[in-house]
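Have a look at the structure below, then the notes.
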Amino acid sequence: MNILLAGGAGYIGSHTAVELLKAGHGVVIVDNYGNSSPEVIHRLEKLTGKNIPAYCADVRDEKAVSEILATHPIDCVIHFAGLKAVGESVRKPLEYYDNNINTTLTLLKCMKKAGVRNIVFSSSATVYGEENPIPYVETMKKGSCSNPYGWTKSMMEQILEDAAVADPELSVVLLRYFNPIGAHESGLIGEDPLGGPNNLMPYVAQVAVGRRDHLTIFGNDYPTPDGTCRRDYIHVVDLAVGHVKAVEFAASRKGTEVFNLGTGNPYSVLDIVAAFERNSGVSIRYEFGPRRAGDLPEFWANADKARRVLGWEASRDLDAMCRDTWNWQRNNPEGYRAPRG
Ligand code: NAD
Ligand code: UDP
């Protein structure tokens, strides 16, 4: 199949491009490089030995997206193109609603015009909200989100689901990611947060490489085994392989289906620090600070449905996640801004 990756130069999109190409699919990328770099495309071509058509455009631009769909026979779109910083979304809600909702609407309109029937969407465990018990299961009702970012995901899920009800030809797969970390084992692509990391793993990696003095652990008084929050961390390459399965599944049926992509195993912040130290040989300076507003004590996935229906399950453990993060960070201390290796 030929897959259009909207936001494909980003962290998850770039790893998905590699796995799709490995599985024999073709990929086309559209990205405005708002949170990524054109250097990603060079790295992907080096890594895969393939020529990757890539367009610099805003996915809200209907004309640009329609032109891409007219140029390439696309079977499925994967929609990664979103703004994703939780704290920033609280400060700039309109920007988040505009970007995230309008990219979705534009993609759906252009797909309909071009006769593209399948879409896979990057959703998040955040849509389970604060009310649901853990582990999260796809059959649970969505909950209340604690920030505009989360609400955009919840709303985009609804928009896609409604579109599939109205158009019986449409196939929608909603993938609820848990906490993706790690990098491709080549060290050529990885997570490169522009303007400083918000998430735990890139922060730890930047402390290890000397770009940050120390990690602040947000709270050690949670009702968890060691007092720090627990999350379901998943290797980004496992997540990428999940997309290959999702694209193939999307093409085989109609309507909407939801899948958790997680491992089902929670780790605490202190577990992550210890595992990173063990796998890098670098000690991570940290101090405990106050809780971060909006953080839930712990959540993880029930990953049975993806195993049962998609035949997918995560296979890389926490050591691999840390080792590959460190390999990427050590070889690219300044991310994609460093000269190409
Ligand atoms: P990312 O920022 O690395 O990738 C998103 C890409 O989309 C970037 O390259 C960015 O430049 C591009 N983009 C954003 N708006 C665009 C627009 N209007 N037009 C064109 N390109 C645009 O983020 P990621 O971590 O790869 O996440 C991909 C998707 O997965 C996002 O939708 C994110 O919300 C979702 N998600 C991520 C996580 C996570 O922890 N990384 C967790 C759950 C869900
Ligand atoms: N965290 C932390 N210090 C940081 C960044 C994150 O202690 O500098 C904690 C955060 O409180 C949460 C966990 O690490 O418990 C994972 O946070 P992240 O932002 O990576 O993911 P999310 O909050 O989306 O689950």
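The values are calculated or read from the model by the stated rules, or taken from the named source; none is laboratory data. Here the structure is a predicted model, which means the values were calculated and not measured. Methodologically, a virtual Cβ is constructed for each residue, glycine included, from the backbone with ideal geometry; neighbour enumeration extends over all protein chains shown. The accessibility values were calculated without ligands, DNA or RNA, using every heavy atom of the protein model including side chains. Shrake-Rupley method; radii C 1.70, N 1.55, O 1.52, S 1.80 Å.
Structure values in brief
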item: Anchor LYS113: lysines whose Cα lies under 22 Å away (excluding residues fewer than 8 positions away in-chain); result: LYS63, LYS254
item: Neighbourhood net charge (13 Å Cβ-Cβ; Lys/Arg +1, Asp/Glu -1) for HIS15; result: -3
item: Per-residue SASA entry for HIS214, accessible area with 1.4 Å probe, Å² rounded to 10; result: 50
item: In degrees, nearest ten, helix 39-48 long axis to first principal axis of the chain (Cα); result: 80
item: VAL120 long-range amide H proximity, modeled H, under 5 Å; result: VAL77, ILE78, HIS79, VAL173
item: Loop trypsin sites (Lys or Arg not before Pro), region 11-52 (other Cβ atoms within 10 Å of the site Cβ: 15 or fewer; DSSP); result: LYS50
item: Cleavage-rule hits (GluC sites (Glu not before Pro)) in region 275-341: DSSP loop, at most 11 neighbouring Cβ within 10 angstrom; result: GLU334
item: Cα shape, region 1-69, gyration tensor, a/c 1.5 rule; result: oblate
item: Principal-axis tilt of helix 62-71 within the chain, Cα atoms, nearest 10 degrees; result: 70
item: Share of pairwise Cα separations in region 141-261, more than 17 Å, in percent; result: 71
item: Estimated translational D of region 33-137 in µm²/s (Stokes, Kirkwood radius over Cα pairs; 37 °C; 0.692 mPa s); result: 205
item: Net charge, ILE3 excluded, C-beta distance under 15 Å - Lys, Arg +1, Asp, Glu -1; result: 0
item: Tail weight of P(r) past 17 Å, computed on alpha-carbon pairs of region 271-341, percent; result: 66
item: Highest average packing first - 118-131, 99-112, Cβ atoms within 10 Å; result: 118-131, 99-112
item: Extreme residue, positive dipole direction of region 211-341, given options VAL247, ILE272, GLN329 (C-beta unit charges); result: VAL247
item: GluC sites (Glu not before Pro) lying in DSSP loop within region 132-172, provided at most 12 other Cβ fall within 10 Å; result: GLU169
item: Cα-based Kirkwood hydrodynamic radius, the chain, one decimal, Å; result: 20.2
item: Radius 13 Å from Cβ of LEU296, net charge of other residues (Lys, Arg +1; Asp, Glu -1); result: -1
item: Degrees, to the nearest 10: 269-280 long Cα axis against longest axis of the chain; result: 90
item: Proximal lysines to LYS46, defined as alpha-carbon separation beneath 17 angstrom and excluding residues fewer than eight positions away on the same chain; result: LYS22
